[in-house]
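Have a look at the structure below before the remarks.
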Amino acid sequence: MSADATSSVYSQNLKGDLNAPYINAENVQSNMKVIYYSRTFMSIVGGIIAGILGFTGLTGFIFYFLVMAVTSVGLTAKAKFSIHTYFDSWNRILLDGFLGGLMSFVLFWTFAYDIVHIF
């Protein structure tokens, strides 16, 4: 989802009778990497914040889902709310990788909690 025009999914129209756009797989893959890295980074940051704030149990997991929702909104805003320009469906930006960063979140959550509240 870089600012240049090369990250657009629909790069040109097909030739011939069909006037349907085609999907550039390299651009979709590049945009998905951005989503994956953003969600992983936000999972780590969210885990550290949850640990420092002393969240335990269900409140920590609710905080994770809140962080992932904010990340989804941020990625949508970065795409200027025109998802179909950069991705082939809404599910790509809203749901893909939503649970992928959960293990990183729990790791850094427990690590930060132990450092701040136990030691």
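Annotations for the structure displayed:
- When the helices (runs of 4 or more DSSP H) confined to the stretch 54-118 are screened for residues that are open to solvent by 70 Å² or more (accessible area, probe 1.4 Å), those reaching at least 2 such residues are found at 58-78, 90-94, 102-113.
- Condition check for A50: in contact with a helix residue (DSSP H, G or I) (Cβ under 9 Å, 6 or more places away or on another chain), aliphatic (A, V, I, L, M), at pLDDT 90 or above and part of a helix (DSSP H, G or I): yes
- Only listed residue being more than 25 Å from Y22 (Cα to Cα) and among the small types (G, A, S), chosen from S38, S89: S38
- For T76, the criteria (1) farther than 30 Å from A25 by Cα; (2) touching a helix residue (DSSP H, G or I) at 6+ places or on another chain (Cβ under 8 Å) hold in every case but one, which is (1).
- Exactly one residue out of S30, S89 is modelled with pLDDT under 85 and among the hydroxyl-bearing types (S, T, Y), and it is S89.
The values are calculated or read from the model by the stated rules, or taken from the named source; none is laboratory data. Predicted model, so just to flag it, every value in this text is computed and none were measured. FYI the Cβ positions are ideal-geometry reconstructions off the backbone, even for glycines, and counts take in every protein chain you see. What goes into the accessible areas is simple: the full protein's heavy atoms, side chains included, and nothing from ligands, DNA or RNA. Shrake-Rupley method; radii C 1.70, N 1.55, O 1.52, S 1.80 Å.
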